[in-house]
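Starting off with a structure, shown below.
The numbers here are math on the coordinates, done by the rules we state, and not lab data. As the structure is a computational prediction, the values presented were derived from the model and not from experiment. Here the Cβ positions follow ideal geometry from the backbone for every residue, glycine too, while neighbour counts run over all protein chains shown.
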Amino acid sequence: MTKAGKIDISSMKKFVNKKVGLNIAHDLNEDNPTEVKEWIPTGSRWLDSITCRGKMAGIPVGKITELAGLSSSGKSYMACQIAAKAQEKGHCVVYFDAESAIDPKFLENSGIDINKDFLYIQAVSVEKVLEIIEDLMTEYAERQFLFIWDSIAATSAEADLEGDFNPQ
């Protein structure tokens with residue numbers, strides 16, 4: 001019981017979480033769900049050192065990371081380097097390829113073991129990729145995944161595919 005006019009944050013948190021059916025309300029003094037607890041190295045000590053001040057970090061687990069750059073600047077290679085490091089840490093790598101341009105030899109030369117916890121998927125549409133990600137995370141909730149989407153910009157929306165849209 002609280003004094004009149006005093007808000008009981010703990011009971012509000014329980015109320016919201018019960019109402020939604022998920023653990024979405026948090027008291028940040030107890031546990032911070034936004035805190036990064038694990039990192040995947042990028043393969044570059046220099047880049048790992050600047051992603052999190054004071055640590056040799058890399059790509060934060062549980063967060064979305066975008067690799068951006070000019071055409072042929074090494075984005076796919078960097079993604080593969082990160083994927084290889086993720087495999088070493090026990091993550092399952094799911095690689096969505098919108099351009100059907102990835103060569104298995106390129107993946108292996110980048111350090112990826114295509115025979116171990118690696119799934120290649122041709123990205124048909126934005127909606128299908130997001131649906132597959134959601135389904136995999138639901139069906140295999142005990143697994144940790146690294147999803148690579150190469151590239152989002154080259155993936156068409158279903159509405160574009162159904163119309164007379166020409167991506168060229």
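What's the ranking of 119-126, 31-38, 104-111, 156-163 by average number of surrounding C-beta atoms within 10 Å, highest first?
Working: 119-126: 16.1, 31-38: 10.2, 104-111: 13.9, 156-163: 12.2.
My ranking of the peptides, most packed first, is 119-126, 104-111, 156-163, 31-38.
Hey, another quick one. Evaluate E = 1/(1 + (r/R0)^6) for Ile133 and Ile7, where r is the Cβ-Cβ distance and R0 equals 41 Å; express this FRET efficiency to the nearest 0.05.
0.65
Per Stokes-Einstein, at 37 °C and 0.692 mPa s, what whole-number D in µm² s⁻¹ belongs to the chain, with the Kirkwood radius over Cα pairs as the hydrodynamic radius? Walk me through the numbers before you get to the answer.
Values: Rh = 18.8 Å.
The Stokes-Einstein estimate is 175 µm²/s.
Jot down the per residue volume, in cubic angstrom and as a whole number, of the convex hull over the alpha-carbon atoms of the range 1-97.
Once divided by residue count, the hull of the range 1-97 is 183 Å³.
Still on this model: Roughly what would the spin-label model give for Val20 and Leu70, points 7 Å off Cα along C-beta, in nm?
Once both label points are built, they end up 4.3 nm from each other.
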